[in-house]
1. Tell me the residue from Arg29, Arg6, Arg16 that is more than 14 Å from Val164 (Cβ to Cβ), surrounded by 15 or more Cβ atoms within 10 Å (Cβ to Cβ) and among the basic types (Lys, Arg), please.
2. Across the stretch 87-100, which residue is surrounded by the most Cβ atoms within 10 Å (Cβ to Cβ) among those that are among the small types (Gly, Ala, Ser) and closer than 12 Å to Glu162 by Cβ?
3. Within the stretch 32-40, is there a residue that is among the aliphatic types (A, V, I, L, M), in contact (Cβ under 8 Å) with a residue 24 or more places away in the chain, assigned to a loop (DSSP other than H, G, I, E, B) and surrounded by fewer than 24 Cβ atoms within 10 Å (Cβ to Cβ)?
4. Quickly run through the stretch 150-194 and pick out the residues that are over 17 Å from the mean Cα position of the chain (by Cα), over 29 Å from Ala53 (Cβ atoms) and of a type in the set (Lys, Arg).
5. Need at least 1 residues that are among the basic types (Lys, Arg) and surrounded by 15 or more Cβ atoms within 10 Å (Cβ to Cβ) per element, so show me which strands (runs of 3 or more DSSP E) inside the stretch 112-188 make the cut, counting only ones lying wholly within it.
6. Which residues, counting only those in the stretch 101-111, are surrounded by fewer than 16 Cβ atoms within 10 Å (Cβ to Cβ) and not aliphatic (A, V, I, L, M)?
7. Please go through the stretch 69-100 and give me each residue that is out of contact with any Pro (no Cβ under 9 Å at 6 or more places or on another chain) and part of a loop (DSSP other than H, G, I, E, B), ordered by number.
Amino acid sequence: MKAKIRKLVVVVDETRIEMQKDVTPATRRAVAMAVIENPFAGKYVEDLAELSAIGEELGGLLGEKCVQALGIEPGQAQSYGKGAIVGEAGELEHAAAVLHPKLGAPLRKAVEKGAALVPSAKKMGGIGAALDVPLGHKDAAFVRSHFDAIEARVSDAPRANEIVVAVAVTDSGRPLPRIGGLKLSEIKGEDGLR
């Protein structure tokens, strides 16, 4: 089944100055959100494969939207994350079905590689609810400079029978990182950790 998408929203957050210091190059984070109809709203369904198939479709679509919004090549993406907000007629497991079994592979393709787990968050919420989508380096989870989050919010969603699905991608880490950890130049990208 294809996702019934009511709305797509893409936001780019660009930080140029932090603590009166220039951030050069600017740090940029994009979040792409799809407001979709929840086919299982209002009823219990044992088999959630339909939502997993929708997640697979949205992983590539939203990942590509983020890369395009940042104006980068897929291989230039550095961090990623995913999240979902389920409207009140759904259940938290609906978000899990969208996010976990199949969304990751097409997202990894959209950002070229992605050895690390894709950080995720999910919640129930009403219209205008916000979700902090966690971010981590796509190839090496131990890169502390890339531990971050970006807020995902759609002003008129999710309605009771909807799910807001969000994918976030960055072309950098946090502005002015200085807490140590694995550096970008030290990444091997083989085990998803280092």
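1. Arg29
2. Going through the qualifying residues, I end up with Ala95.
3. No, the conditions are met nowhere in the stretch 32-40.
4. Within the stretch 150-194, Arg178, Lys183, Lys188, Arg194 qualify.
5. Values: elements: 120-124, 130-137, 148-153, 162-170.
Result: 120-124, 148-153.
6. Answer for the stretch 101-111, where residues must be surrounded by fewer than 16 Cβ atoms within 10 Å (Cβ to Cβ) and not aliphatic (A, V, I, L, M): just Lys109.
7. If the condition is that a residue be out of contact with any Pro (no Cβ under 9 Å at 6 or more places or on another chain) and part of a loop (DSSP other than H, G, I, E, B), then Gly71, Ile72, Glu73, Ala77, Gln78, Ala89, Glu91, His100 are the ones that fit.
Residues checked against (1) among the aliphatic types (A, V, I, L, M); (2) farther than 30 Å from Arg159 by Cβ; (3) at pLDDT below 95:
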{"position": "Ile17", "(1), (2), (3)": "yes, yes, no"}
{"position": "Gln20", "(1), (2), (3)": "no, yes, no"}
{"position": "Ala26", "(1), (2), (3)": "yes, yes, no"}
{"position": "Gly63", "(1), (2), (3)": "no, no, no"}
{"position": "Tyr80", "(1), (2), (3)": "no, no, no"}
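The values are calculated or read from the model by the stated rules, or taken from the named source; none is laboratory data. Values in this document were obtained by computation on a predicted structure and should not be read as measured data. Cβ coordinates were reconstructed from backbone atoms using ideal geometry, including for glycine residues, and neighbour counts include every protein chain displayed.
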